[in-house]
1. Tell me the residue from B:92, B:53, B:9 that is without any contact (Cβ under 8 Å) to a residue 24 or more places away in the chain and either over 26 Å from residue B:165 (Cα atoms) or touching a strand residue (DSSP E or B) at 6+ places or on another chain (Cβ under 9 Å) (or both), please.
2. Among the listed residues A:68, A:63, A:21, identify the single one that is at pLDDT 90 or above and closer than 23 Å to residue B:46 by Cβ.
3. Please go through (1) assigned to a loop (DSSP other than H, G, I, E, B); (2) farther than 22 Å from residue B:179 by Cα; (3) within 21 Å of the chain's Cα centre (by Cα) for residue B:53 and return the number of the only condition it doesn't satisfy.
4. Among (1) away from chain A (no Cβ under 14 Å); (2) assigned to a strand (DSSP E or B), where does residue B:167 come up short?
5. Are any residues in region A:1-60 within 13 Å of another protein chain (Cβ to nearest Cβ), assigned to a loop (DSSP other than H, G, I, E, B) and without any contact (Cβ under 8 Å) to a residue 40 or more places away in the chain, and if so, which ones?
6. Return the only residue of B:58, B:10, B:24 being over 15 Å from residue B:177 (Cα atoms) and at pLDDT 85 or above.
7. Suppose we filter A:25, A:69 for residues that are under 15 Å from the mean Cα position of the chain (by Cα), surrounded by 14 or more Cβ atoms within 10 Å (Cβ to Cβ) and farther than 26 Å from residue B:77 by Cβ; which single one remains?
8. Select, from B:35, B:74, B:110, the only residue that is more than 24 Å from the chain's Cα centre (by Cα) and not in a helix (DSSP H, G or I).
């Protein structure tokens, strides 16, 4: 048995695949938020903020939160405390990131590019 | 002659119980092939493969059109990146050939992915089963599957409303392959048990029930 054997299928066990997907998206969203905060508070270059990606980010965050919620419901049924802890962490962090994005959008709304069409 | 043969036998869109009956007339061990007497082998690719390939190519074509089109204030490139990534992942995780062997001489089943042993277990851990899904009017639709511990679910016939016919087919498949057959209800008199798990010793049983009571 070689160490490569578990990696033949590039996937995770079906119990954690939703949690892993939500955590991967969570990392992306956290990265985007950190970049936004840096450009808003640090470098003051608001043209580099993620205003052009608002719709994509909204869809992506909703998908991530939904997957974390689904994973939580499934693991609550499975009664495995480690998996449940993992899934609940993902759910809470996703919710927190969503709130942060929501608040930040309100604070930065004056800096959005204006378009009259 | 069907377009879906060999390792693609389960990709058929029209997976009704009549189609399955026709296939069983051609090969009474369908979807398995007889390698030696009492040894059944099945090689297959998962059908998620073509879905992943479809998602990947659609996202790729759409992204090409998107980058040529005029831009608005919002940038939608993220959706195409997600589509391409998920498509690639679906292809990569399902591209390897699976081989399922039911060996009645050694009384075990073996599941290989890309020639590497993935799971080996006794025959009472693999079964043929009816699965029922209820629609919004309360009508039941039945699917026939082969599944087992750490196996991937194989759907032989999906969402048929004719219980008697699909039940007969399921029993016939289970009899030819000499596997356990389970009804769609968990507790039922229509189960056919051919391989029993070993009896639990009395002490262990006490431990188990004691554990459940706690």
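1. Step by step, each of B:92, B:53, B:9 is checked, and only B:92 is without any contact (Cβ under 8 Å) to a residue 24 or more places away in the chain and either over 26 Å from residue B:165 (Cα atoms) or touching a strand residue (DSSP E or B) at 6+ places or on another chain (Cβ under 9 Å) (or both).
2. A:21
3. Here residue B:53 clears every test but (1).
4. Unmet for residue B:167, out of (1) away from chain A (no Cβ under 14 Å); (2) assigned to a strand (DSSP E or B): (2).
5. A:1, A:2, A:3, A:4, A:8, A:9, A:10, A:11, A:12, A:13, A:14
6. Testing whether each residue is over 15 Å from residue B:177 (Cα atoms) and at pLDDT 85 or above leaves just B:58.
7. Details: A:25 fails: farther than 26 Å from residue B:77 by Cβ.
Of the residues listed, the single one that is under 15 Å from the mean Cα position of the chain (by Cα), surrounded by 14 or more Cβ atoms within 10 Å (Cβ to Cβ) and farther than 26 Å from residue B:77 by Cβ is A:69.
8. Among B:35, B:74, B:110, only B:74 is more than 24 Å from the chain's Cα centre (by Cα) and not in a helix (DSSP H, G or I).
The values are calculated or read from the model by the stated rules, or taken from the named source; none is laboratory data. Please read all numbers here as calculations on a predicted model, not as lab measurements. Virtual Cβ from ideal backbone geometry, glycine too; neighbours counted across all protein chains shown.
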